[in-house]
Amino acid sequence: MDDELRIGNLFGGDAAGGFFDIPRRPVGDVDDVDIVVFGAATATPYASVGAYCAGGPAAIRSAVGWPDMGAHYDFDLGGTFLESATAVDWGDLDLSESDFEHNRALIRRTVRQAVEAGAVPVALGGDDSVPIPCLQGFEDRGPLTILQLDAHIDWRDEVQGERMGLSSNMRRASEMPWVSNIVQVGARGSGSARPQDVADATEWGVTFYPMRTVRRDGFAPVVDSISPGASVYIALDIDVMDPSVVPGVIGPAPGGFHYGEVVDLIEAVAERATIVGANLAEFAPSADIGNRGALASARIAATIMGLVARQR
């Protein structure tokens with residue numbers, strides 16, 4: 001008998017397939033597929049902290065899953081997980097601890113393969129440098145709206161001499177001609193941003209909805225800032241969640257979202273626009289408590305996939 005207390009044991013043990021028991025396929029195999037999931041453990045880590053999210057994809061995958069779970073009713077989605085859509089898991093990319101250009105090129109190419117085949121890529125991270133090559137994979141596929149959910153705005157031009165790191169992802173995104181709109185939700189407390197970084201973002205045209213503003217005004221202004229029918233990429237840094245929900249992050253900030261709030265917001269966005277890609281980043285399993293953060297991360301990623309399935 002398995003000594004670990006897991007609900008999956010009631011239904012036959014761990015999932016036999018990939019994330020949420022979807023079929024596993026080699027990278028690049030996207031025939032007749034609506035959604036592609038892959039793990040990106042790191043892209044461009046800072047030397048001072050290293051690849052602290054490297055175990056994130058594996059922890060998220062193992063947080064929940066049992067054989068044939070996609071046929072069970074999901075009350076967050078109001079039906080089965082993917083309904084009639086199809087999804088595959090390309091596994092975790094073979095990324096380097098030292099060759100960061102290799103990492104970025106591989107992530108970029110992986111996203112591009114999915115996009116060119118008409119599938120929606122969903123990356124399980126990995127630190128928050130991962131969105132940069134993910135978004136580069138959408139080159140010439142704009143105009144693209146980015147919905148960033150994050151406790152921090154990530155508009156530094158560089159940190160420790162590195163311009164492709166986790167503190168710079170939205171500034172780098174703003175330099176991509178195919179990105180036409182950036183909506184940033186959930187900022188609170190203090191992070192790496194200086195006043196000039198906020199001014200630069202505002203001058204570019206970012207619409208900011210700090211956490212206190214969302215608490216006061218609700219989600220409607222956020223949704224209204226996205227054009228109807230827009231192509232939306234969701235860049236979700238899991239530290240947008242309250243630390244009581246996801247303790248396993250490097251930059252916890254009190255006053256964040258709870259699980260149901262994130263689901264409600266993404267669902268409202270999906271009713272207005274088309275989700276064309278997503279990444280979930282910044283989950284650090286070494287700082288997790290009782291797998292709470294891994295479970296919340298897995299459920300949010302699955303909800304995004306389920307909403308994409310319903311759009312397809």
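The values are calculated or read from the model by the stated rules, or taken from the named source; none is laboratory data. This is a predicted model, so every value here is computed, not measured. Reconstructed Cβ throughout: ideal geometry from the backbone, glycine too, with neighbour counts over all protein chains shown.
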The range 262-291, residues that are among the charged types (D, E, K, R) and not in a helix (DSSP H, G or I): E282, D288
V246 β-branched (V, I, T), in a loop (DSSP other than H, G, I, E, B) and either within 15 Å of the chain's Cα centre (by Cα) or within 21 Å of P131 (Cα to Cα) (or both): yes
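Filter the range 48-93 for residues that are assigned to a loop (DSSP other than H, G, I, E, B) and aromatic (F, W, Y) and give the result.
Y52, W66, F75, F81
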Residues located in the range 220-249, provided they are closer than 25 Å to A284 by Cβ and free of Cβ contacts under 8 Å to residues at least 40 places away in the same chain: D242, P243, S244
Close pairs (8 angstrom Cβ cut-off, 6 or more residues apart or separate chains): within 15 Å of P23 (Cα to Cα) in the range 58-75, assigned to a loop (DSSP other than H, G, I, E, B) and β-branched (V, I, T) anywhere: G70/I22
Exclusive hit being crowded, with 18+ Cβ neighbours inside 10 Å, in contact (Cβ under 8 Å) with a residue 40 or more places away in the chain and among the aliphatic types (A, V, I, L, M), set L106, L124: L124
Test: residue in the range 112-119 that is over 17 Å from the mean Cα position of the chain (by Cα) and under 24 Å from G165 (Cα atoms): yes
Index of the failed condition, S190 passing every other in (1) over 20 Å from R272 (Cβ atoms); (2) without any contact (Cβ under 8 Å) to a residue 12 or more places away in the chain; (3) not in a loop (DSSP other than H, G, I, E, B): (3)
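Please tell me if D92 is at pLDDT 95 or above and among the charged types (D, E, K, R).
Yes, satisfied.
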Only one of D150, D217 that is without any contact (Cβ under 8 Å) to a residue 40 or more places away in the chain, within 21 Å of I266 (Cβ to Cβ) and in contact with a strand residue (DSSP E or B) (Cβ under 9 Å, 6 or more places away or on another chain): D217
Matching strands (runs of 3 or more DSSP E) fully within the range 94-186 where at least 2 residues are closer than 23 Å to S286 by Cα: 120-125
Qualifying residue in the range 20-37 (condition: at positive phi, surrounded by 18 or more Cβ atoms within 10 Å (Cβ to Cβ) and modelled with pLDDT under 95): yes
Those residues of the range 17-47 which are closer than 21 Å to E83 by Cβ and assigned to a loop (DSSP other than H, G, I, E, B), in sequence order: G17, G18, I22, P23, R25, V30, D31, D32, V33, D34
Subset tally (residues that are more than 16 Å from the chain's Cα centre (by Cα) and surrounded by fewer than 19 Cβ atoms within 10 Å (Cβ to Cβ)) for the range 274-298: 6
Enumeration of residues in the range 207-243 that are among the aromatic types (F, W, Y) and assigned to a loop (DSSP other than H, G, I, E, B): F219
Test: V245 is more than 25 Å from T44 (Cβ to Cβ) and of a type in the set (A, V, I, L, M): yes
Residue among Q136, Q160 that is touching a Lys or Arg at 6+ places or on another chain (Cβ under 6 Å) and over 14 Å from T42 (Cα atoms): Q136
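Does G165 meet the test of being touching a residue at least 60 places away in the same chain (Cβ under 8 Å) and in contact with a helix residue (DSSP H, G or I) (Cβ under 7 Å, 6 or more places away or on another chain)?
no
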